[in-house]
1. Between Met147 and Asn119, what length comes free when the chain is fully extended (0.36 nm per residue of separation minus the Cα-Cα distance, one decimal in nm)?
2. Under a crude label model (7 Å from the Cα following the beta-carbon direction), how far is Lys137 from Thr93 in nanometres?
3. Can you figure out the FRET efficiency of Lys85 with Ala128, using R₀ = 30 Å and their beta-carbon distance, to the nearest 0.05?
4. Take the alpha carbon atoms of segment 89-134, find their radius of gyration, then divide it by 2.2 N^0.38 Å using N residues; give the quotient.
5. Give a quick list of GluC sites (Glu not before Pro) in segment 91-162 that DSSP marks as loop, anything other than H, G, I, E or B, with at most 14 other Cβ atoms within 10 Å.
6. Taking just the C-alpha trace of segment 100-168, give me its Rg and Dmax in Å.
7. Divide the volume of the convex hull of the Cα atoms of segment 57-124 by its number of residues and quote the answer in cubic angstrom per residue.
8. What's the percent breakdown of Cα-Cα distances in segment 27-170 across 10 Å bins, shortest bin first?
Amino acid sequence: MKKRFSMIVAAFMLFAVATQAQTDKSKRPSPPAKVSETLKSGVMVSIDYSQPAVKGRVIGTTDFVPYGKVWRTGANEATVFEVNKEVKVNGKTLPAGKYGLYSIPGEKEWTIIFNKTWNQWGTKYSQAEDALRITAKPEKTSDFMEMLTFKIEKDGDVEMIWGNTEVEFKVK
C-alpha cells in the first residue's frame with residue numbers, strides 16, 4: 001500500500017513539474033519577446049512574439065521557412081502586432097487593433113500579412129482574415145542574428161532581423 005501511495009505521489013509531482021515547465025514560456029526553445037515603441041506621431045506600436053533560432057539552418061529552404069509559403073513569423077503562438085491608432089503601413093491603411101503577423105518570405109520580396117485573428121496558435125492561418133498585406137525587400141545584414149528579433153524605431157521603421165536577413169517596413 002505504501003509503495004502504491006508513493007508511486008501516486010511521484011506521478012503527481014512529475015505532472016506538476018511538467019505542467020509548470022509548459023506554462024513558463026521563458027523555458028521554451030523559442031522564448032517569448034516583446035518590443036514596444038511610442039512613435040513621434042504618438043502611435044503606440046508593439047510586437048509580441050517568440051524567438052526561434054536559426055540553429056545552422058538556411059532560411060528559404062524547403063525544410064526551414066520556405067520561400068513562397070505563409071510563415072507564422074515567429075514560433076509558438078501567433079506573433080501579435082498591435083497599434084493603438086489607425087496607421088499607414090508602407091502607405092496602406094491599417095485600423096487600430098491587434099493582428100496576427102504572418103509573412104511569405106521570398107528571395108527578392110517578402111509579403112507581410114496583418115491578419116485579424118491574433119489570439120491563436122501560430123500555425124493556424126486563414127487568408128480570408130487578412131486585414132492588410134504589404135511587400136518589403138529583404139536585405140542582407142553584416143551581423144548574424146541567431147534569434148528572430150524585431151526592432152521598432154521612433155520614426156516608425158519596423159525591422160525584423162533573423163540570420164543574415166533583415167526585412168523592414170514603415171508605420172506612420
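1. My answer for the length gained is 7.8 nm.
2. Taking the two extended label points, one gets 2.8 nm.
3. For R0 = 30 Å, the calculated efficiency reads 0.75.
4. 1.15
5. Hits after loop and neighbour filter: Glu107, Glu109.
6. 12.9, 37
7. Normalising the Cα hull of segment 57-124 by residue number yields 89 Å³.
8. 12, 45, 36, 7, 0
No lab work stands behind these numbers, since they all come straight from the coordinates. From a predicted model like this one, the values you see are computed outputs, not experimental measurements. Neighbour counts are summed over all protein chains in view; Cβ atoms, including those assigned to glycine, are modelled from backbone coordinates with ideal geometry.
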